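Participant: Dropping the structure in here first, questions after.
The values are calculated or read from the model by the stated rules, or taken from the named source; none is laboratory data. Just so it is clear, the structure is predicted and the values come from calculations on it, not from any experiment. Neighbour counts are summed over all protein chains in view; Cβ atoms, including those assigned to glycine, are modelled from backbone coordinates with ideal geometry.
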Amino acid sequence: MKNDLRACDSMTRRSFAEHVAKTTLGVAVLPHLVKAQAAADPKTLPGFGKAKNVIWLQMIGGMSHIDTLDPKTGDTKGARDPIQTKADYQLGGYLPTLAKDHADKLAIIRSMTSKTGVHASGQYLMRTGYEQRGTIKHPVLGAWAQEILGKSSKSLPSTVCVNRGPEHGNGFFSAAFSPLPIHDPEAGLQYAEFSTEQEVMTKRLSLLNKIDAGFRAKFQDANLKAYSDFYDDTLKLLSSEDLSAFRLTDEKAGEREIYGMNKFGQGCMLARRLVERGVRFVEVSYGSWDMHNDIDENMEEQGTVLDTALSALLSDLKAKGLLETTLVVLCSEFGRSPKINSRSGRDHHPKVFSTLLAGGPIKGGTIYGSSDKAGEAVADKQTTIQDFHSTIGHAMGMDVNQVIMSPSNRPFTIGDKGDVISAVFA
């Protein structure tokens, strides 16, 4: 018996401690017992709170790591040769401006891994840090920040999503934490101009609010309060001068063209305008990365759009003094297979892929982790999506070990107990 006990590894002993805690102390304290580092003050750790804003660039469809952030030179090499950067690492041949002008600003994680190779589930996981479940919806990082840090602006929303709807948003938090969707950055916030129409809309919302007031007074409920908050926030926004942040036409034509006159490029410019005005978290989505066919032809178009927009965003943030406080995130739900298929494309590959961080507390010119020679599997420093979320949440100034209870009284943390990757911080 004594020998059996000595043979127990740390995981077994930890499981035993969890069982004791669960039966004697209650589930709410478990995360603090499971993670010893929870006792450390996160404010004393590198990078904490240095990112006042986040611009999250979500590539929809599974961006090929081998053709972008983790190029190879062997049999799995893409059609274009890798580009050597001044930061002593290589980028894919479709990203020439990023390689030439911004490599020293970037931290690239080349050891991302996931078990999810389905688009919808993968996108959910990348946006929330949690696997998709039918019984609960999980918040994006912008909603976590509003819960823990409070609102980022008196009149503007704390979270905005560009080029997509708000289906991944507030999760189990109040509906008031849902991101404001901008489906087309060119159109901006439609029906919200300072005009007679805006005045009419304000009057209509006020009338609806009065009609519903009696019902809300009789039935006190958190969801109804969120409904009231929606009215209040909408009216504040419609009457605020900050509404102009959504108007890209205020920018000079030449400056807009630098980003690229397309939805992703203009979305990146809109993101810069929004964080400049106090919006804490902006996601800009860019689709068509699901390249099962003719990847070289498709990468030439997609890569050019990405290279142009991301380079312009980094230059613009730097010039305006915003890059030091704004964390730029580039990610996708998974990578693509090293082997080229019979249709000259690459298939889904969650086993290893890459992400990119820049700005805020990020140590530029950093490569964290690696894939193997073929880009098939993680070779060093395996990194989960949960780790990725925890790292970004930490940079935003949140204690990722803090437990938040859902309305169903279940405990959750930012990044689902992932580890902060301190090596990417300066």
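Participant: Can you tell which of GLY335, GLY345, GLY267 is out of contact with any strand residue (DSSP E or B) (no Cβ under 6 Å at 6 or more places or on another chain) and either at pLDDT 95 or above or over 23 Å from ALA145 (Cα atoms) (or both)? Break it down stepwise before answering.
Facilitator: Values: GLY335 fails: out of contact with any strand residue (DSSP E or B) (no Cβ under 6 Å at 6 or more places or on another chain); GLY267 fails: out of contact with any strand residue (DSSP E or B) (no Cβ under 6 Å at 6 or more places or on another chain).
Exactly one of GLY335, GLY345, GLY267 is out of contact with any strand residue (DSSP E or B) (no Cβ under 6 Å at 6 or more places or on another chain) and either at pLDDT 95 or above or over 23 Å from ALA145 (Cα atoms) (or both), namely GLY345.
Participant: Being of a type in the set (Asp, Glu) and within 18 Å of SER174 (Cβ to Cβ) is the filter here; which residues of region 388-424 pass it? Break it down stepwise before answering.
Facilitator: Initially, region 388-424 is screened for residues of a type in the set (Asp, Glu), giving 399, 416, 419.
None - no residue of region 388-424 is of a type in the set (Asp, Glu) and within 18 Å of SER174 (Cβ to Cβ), so the list stays empty.
Participant: For the structure I just gave you, tell me whether ASP88 is within 30 Å of GLY375 (Cα to Cα), touching a residue at least 12 places away in the same chain (Cβ under 8 Å), in contact with a Leu (Cβ under 9 Å, 6 or more places away or on another chain) and among the acidic types (Asp, Glu). Walk me through it before giving the result.
Facilitator: Numbers: within 30 Å of GLY375 (Cα to Cα): yes; touching a residue at least 12 places away in the same chain (Cβ under 8 Å): yes; in contact with a Leu (Cβ under 9 Å, 6 or more places away or on another chain): no; among the acidic types (Asp, Glu): yes.
In short, no.
Participant: So which residues in region 313-350 are more than 26 Å from LYS50 (Cα to Cα) and among the hydrophobic types (A, V, I, L, M, F, W, C), if there are any at all?
Facilitator: PHE334, ILE340
Participant: Can you confirm whether ILE66 is in contact with a Ser or Thr (Cβ under 9 Å, 6 or more places away or on another chain), closer than 22 Å to HIS292 by Cα, among the aliphatic types (A, V, I, L, M) and surrounded by fewer than 24 Cβ atoms within 10 Å (Cβ to Cβ)?
Facilitator: No: the conditions fail for ILE66.
Participant: Residues LYS72, LYS52, LYS35: which one is in contact with a Lys or Arg (Cβ under 9 Å, 6 or more places away or on another chain) and at pLDDT below 90?
Facilitator: Numbers: LYS72 fails: at pLDDT below 90; LYS52 fails: at pLDDT below 90.
Being in contact with a Lys or Arg (Cβ under 9 Å, 6 or more places away or on another chain) and at pLDDT below 90 holds for just one of LYS72, LYS52, LYS35, which is LYS35.
Participant: Search region 118-143 for residues that are at positive phi and pair each with any residue that is of a type in the set (S, T, N, Q) when their beta-carbon atoms are under 6 Å apart and the residues are at least 6 apart or on different chains.
Facilitator: GLY129/GLN386
Participant: Here are the criteria: (1) of a type in the set (D, E, K, R); (2) in contact with a strand residue (DSSP E or B) (Cβ under 8 Å, 6 or more places away or on another chain); (3) buried (at least 21 other Cβ atoms within 10 Å of the Cβ). Tell me which single one ASP387 does not satisfy.
Facilitator: For ASP387, the exception is condition (2).
Participant: What are the residue pairs meeting all of these: first residue in region 328-341, first residue free of Cβ contacts under 8 Å to residues at least 60 places away in the same chain, second residue not polar (S, T, N, Q), Cβ atoms under 6 Å, and 6 or more apart or on different chains?
Facilitator: Cβ pairs passing all conditions: SER337/ARG346; SER337/ASP347; SER337/HIS349; ASN341/ASP347.
Participant: Shifting gears a bit: Has region 227-235 got at least one residue that is assigned to a loop (DSSP other than H, G, I, E, B), surrounded by fewer than 16 Cβ atoms within 10 Å (Cβ to Cβ) and at pLDDT below 65? Walk me through how you get there before you give the answer.
Facilitator: First, pick out the residues of region 227-235 that are assigned to a loop (DSSP other than H, G, I, E, B): none.
Within region 227-235, not a single residue is assigned to a loop (DSSP other than H, G, I, E, B), surrounded by fewer than 16 Cβ atoms within 10 Å (Cβ to Cβ) and at pLDDT below 65.
Participant: I'd like to know if region 141-153 contains one or more residues that are modelled with pLDDT under 95 and either more than 22 Å from CYS268 (Cα to Cα) or among the aliphatic types (A, V, I, L, M) (or both).
Facilitator: Step one: of region 141-153, the residues modelled with pLDDT under 95 are 153.
Going one step further and asking which of them are either more than 22 Å from CYS268 (Cα to Cα) or among the aliphatic types (A, V, I, L, M) (or both), we end up with none.
So far as region 141-153 goes, no, none of its residues is modelled with pLDDT under 95 and either more than 22 Å from CYS268 (Cα to Cα) or among the aliphatic types (A, V, I, L, M) (or both).
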